[in-house]
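Peer 1: Would you mind keeping the following structure in view while I ask a few things?
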Amino acid sequence: MTARNRREFLRTAAAGATAALLPLPAIAQGAGGRVVVVGGGFAGATCARFIKRIDPRVTVTLVEASPTFTACPFSNLVIVGLRELKAQEFGYDKFAADQVALQMSAATAVDAQARSVTLGNGTRLAYDRLVLAPGIDIRWDGLPGYTEAAAERMPHAWKAGEQTLLLRRQLEAMEDGGTVIIVAPANPFRCPPGPYERACLIAYYLKTKKPKSKLIILDAKDAFSKQRLFQNAWKALYPNLEWVSLSTGGKVTSVDVGAMTLVTDFGRHKADVANVIPPQKAGRIAETAGAADRSGWCPIDPATFESKLQPNVHVIGDASIAGAMPKSAFSANAQAKVCAAAVAKLLAGAKPDDPRLINTCYSLVAPDYGISVAGVYRPADGQIKEVEGSGGVSPADAPSSTRALEATFANGWFSTITGEVFG
Ligand SMILES: Cc1cc2nc3c(=O)[nH]c(=O)nc-3n(C[C@H](O)[C@H](O)[C@H](O)COP(=O)(O)OP(=O)(O)OC[C@H]3O[C@@H](n4cnc5c(N)ncnc54)[C@H](O)[C@@H]3O)c2cc1C
């Protein structure tokens, strides 16, 4: 991508945010049928609304466990006191006007033979097509010592809400001169650049509020998203930030919560504040439905997002194995639109289109310093692959005005996507 094309692409992505290259049929195909969507996050809420827009005759029911959705993007700013959690919260009151039926209850079981979903409130919903969009669950058996109780001392803050506020309170309570440790997991996990954006913003908080403190990232990887851009920024802005890679002993093998200690094969690291981002898997209902494989994630057809394990069940968003696409809200929203179009076609007995999908992930290195990575994707060889030459990252040597502009693009993207999904 040339610099000009990339600028153009970023502007389009920021302005239209989610206007992916989507094969949405312009005219309803006259399908009808019943679709149940489980999970009202970036993927599920988008999908439910778009199916209805594409073919109003389809009966769409959105099943969501919580009446308030708390968004993760921008929650790293909440952790460091630069944003309130309220700004992350969204409701579902606009869905009725779109003729999307709402069930505020957790889906607890799926009978793929009978094509029905059972909810915690006892309701049983029959479907012709089921869309699962449950996001992630923590693998509580994935890191020895890291239990649900441990997360109350060493928050993950990888699902936004109480955990976000807990980490914020811990940082606020820490004495100047303390040590903050972030534990970053191996791939795949929700939001590949997220731990490093968080590290930047915590480093910014420490630099401005508690300058004698230090921050260590213990990482189970040697490489990560936007690595060069992050590392350049750390060198320039945050000398008290230390990244320990897998090869240099960063992989945490267990946690000792009582001693506030992270254990690696190379030694023990004592923390005053420990943010443990643990291994993850698809939200539990995907496993219950038989749509997750041994990896804990859900294999899908790259054109329709139909499960490779359960017919008539589609999986979108973080829960899916979406090849080269990262687990991001932007991806989830784009996948939802492709899946909506495919479901409408399949219900009408038509052939789904060959889709193109876009993702852009912004990260804030400081409140007025943004960087991004972007890509265009398509099905190829049974997977979702990046279109060669389509994407790229922010230039390494950009002036501060470009960084500031990208921070405003990030803000614009968040307003646009949440407006589209929940507004
Ligand atoms: C700190 C952080 C920063 C991030 N920053 C960005 C960013 O800048 N840009 C970006 O694009 N992405 C970002 N992400 C990633 C983004 O949050 C996720 O990729 C996105 O939320 C995935 O959407 P989803 O719909 O798959 O899952 P979610 O948004 O988590 O939605 C899942 C929904 O399903 C519901 N649910 C689950 N199980 C059930 C059930 N059994 N019954 C009923 N409902 C159920 C949940 O309550 C939830 O509402 C960030 C993530 C983190 C942690």
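The values are calculated or read from the model by the stated rules, or taken from the named source; none is laboratory data. Keep in mind it's a predicted model, so treat the numbers as computed, not measured. Here the Cβ is made from the backbone with ideal geometry for all residues, glycine too, and neighbour counts use every protein chain on show. Quick note on the areas: whole protein, heavy atoms, side chains included, nothing else; ligands and nucleic acids left out. Shrake-Rupley method; radii C 1.70, N 1.55, O 1.52, S 1.80 Å.
Peer 1: Residue-wise, which Karplus ³J(HN,Hα) couplings in Hz belong to the stretch 318-331, taking 6.51 cos²θ - 1.76 cosθ + 1.60, θ = phi - 60°, and x for glycine or proline?
Peer 2: Whole-Hz 3J(HN,Hα) from phi for the stretch 318-331: 3, 5, 8, 8, 9, x, 6, 6, x, 7, 9, 5, 4, 4.
Peer 1: May I ask you to give the solvent-accessible area per residue for the stretch 100-193, in square angstrom, as obtained with a 1.4 angstrom probe?
Peer 2: 42
Peer 1: Can you tell me what share of the DSSP beta bridges in the chain is antiparallel? A percent to the nearest 5 is fine.
Peer 2: Here the share of antiparallel DSSP bridges comes out near 55 percent.
Peer 1: Another question, then. Is the shape of the stretch 196-261 rounded, prolate or oblate, going by the alpha carbon gyration tensor and its root eigenvalues a ≥ b ≥ c, with a/c under 1.5 for rounded and a/b larger than b/c for prolate?
Peer 2: oblate
Peer 1: May I pose another question? Charges on Cβ only, +1 for Lys and Arg, -1 for Asp and Glu, centred on the Cα centroid of the stretch 260-336; of Ala292, Pro311, Asn333, which one is farthest towards the dipole's positive end?
Peer 2: Result: Ala292, furthest along the dipole toward the positive end.
Peer 1: Next question, about the same structure. Test of understanding: in a Gaussian network model of the chain with alpha carbons linked when under 10 Å, which of Gly389, Gly145, Gly81 would top the mean-square fluctuation ranking?
Peer 2: With Cα springs under 10 Å in the chain, the top fluctuation among Gly389, Gly145, Gly81 is at Gly389.
Peer 1: If you don't mind, there's one more thing I want to ask. Put +1 on the Cβ of each Lys and Arg and -1 on the Cβ of each Asp and Glu in the chain; which of Ile202, Thr179, Thr264 then has its Cα farthest toward the positive end of the dipole?
Peer 2: Ile202
Peer 1: Which entries of Lys214/Lys270; Lys159/Lys214; Lys159/Lys281; Lys308/Lys351; Lys327/Lys385 have Cα-Cα distances beyond 20 Å here?
Peer 2: Lys159/Lys214
Peer 1: Can you list which of the GluC sites (Glu not before Pro) found in the stretch 320-420 are DSSP loop residues with at most 14 other C-beta atoms within 10 Å?
Peer 2: Glu388
Peer 1: Now for a separate question. Can you classify the stretch 282-380 as rounded, prolate or oblate using the Cα gyration tensor, where a ≥ b ≥ c are the square roots of its eigenvalues, rounded means a/c under 1.5, and otherwise it's prolate if a/b beats b/c and oblate if not?
Peer 2: oblate
Peer 1: How large is the dipole of the chain about the Cα centre if only Lys and Arg carry +1 and Asp and Glu carry -1, each at its Cβ, rounded to the nearest 20 debye?
Peer 2: For this selection, approximately 500 debye.
Peer 1: Quote the charge dipole size of the stretch 37-141 about the Cα centre in Debye, to the nearest 20; the model charges only the Cβ of Lys and Arg (+1) and of Asp and Glu (-1).
Peer 2: 280
Peer 1: Moving on. Tell me, what % of the accessible area of the stretch 355-421 is carbon and sulfur with a 1.4 angstrom probe?
Peer 2: Ligands and nucleic acids excluded, carbon and sulfur reach 55 percent.
Peer 1: Another question about this same structure. Could you work out what % of the accessible surface of the stretch 86-243 is carbon and sulfur, using a 1.4 angstrom probe and leaving DNA, RNA and ligands out of the count?
Peer 2: Its accessible area is 50 percent carbon and sulfur atoms.
Peer 1: Convert each backbone phi in the stretch 121-133 into a coupling constant with the Karplus relation 6.51 cos²θ - 1.76 cosθ + 1.60 (shift: θ = phi - 60°), then list the ³J(HN,Hα) values in order as whole Hz, x for Gly and Pro.
Peer 2: 7, x, 5, 10, 10, 8, 9, 8, 9, 10, 10, 9, 9
Peer 1: Where a ≥ b ≥ c are the square roots of the eigenvalues of the C-alpha gyration tensor, would you call the chain rounded, which needs a/c under 1.5, or, failing that, prolate if a/b is larger than b/c, or oblate?
Peer 2: It comes out prolate by the Cα gyration axes.
Peer 1: Arrange the peptides 42-52, 92-102 so that the one whose residues have, on average, the most other Cβ atoms within 10 Å appears first.
Peer 2: By packing density, highest mean first, the sequence is 42-52, 92-102.
Peer 1: Contour minus end-to-end for Asp93 and Leu246, with contour as 0.36 nm per residue of separation and end-to-end as the Cα-Cα distance?
Peer 2: 50.5 nm
Peer 1: Give me a comma-separated list of calculated 3J(HN,Hα) values for the stretch 259-271, in order, Karplus coefficients 6.51, -1.76, 1.60 applied at θ = phi - 60°, integers in Hz, x for any Gly or Pro.
Peer 2: 8, 6, 10, 9, 10, 10, 5, 9, x, 10, 10, 8, 10
Peer 1: Normalised by the number of residues in the chain, what is the relative contact order in percent for Cα pairs under 8 Å and 6+ residues apart?
Peer 2: Relative contact order of the chain: 21 percent.
Peer 1: So which lysines pass the test for Lys94, namely a Cα distance under 21 Å, with those fewer than 8 places away in the same chain ruled out?
Peer 2: Lys52, Lys86, Lys337
Peer 1: Just to be sure I understand: with springs between alpha-carbon atoms less than 10 Å apart, which residue in Thr360, Thr208, Thr59 has the highest mean-square fluctuation in the Gaussian network model of the chain?
Peer 2: Comparing Thr360, Thr208, Thr59 in a Gaussian network model of the chain, the most mobile one is Thr208.
Peer 1: I've got another one for you. How much net charge surrounds Glu172 when only other residues with a Cβ under 15 Å from its Cβ are counted (Lys, Arg +1; Asp, Glu -1)?
Peer 2: After counting each charged neighbour, the total is +1.
Peer 1: Note the full-extension length gain between Ser105 and Ser400 as 0.36 nm times their separation in residues minus their Cα-Cα distance, in nm to one decimal.
Peer 2: Result: 101.5 nm gained on full extension.
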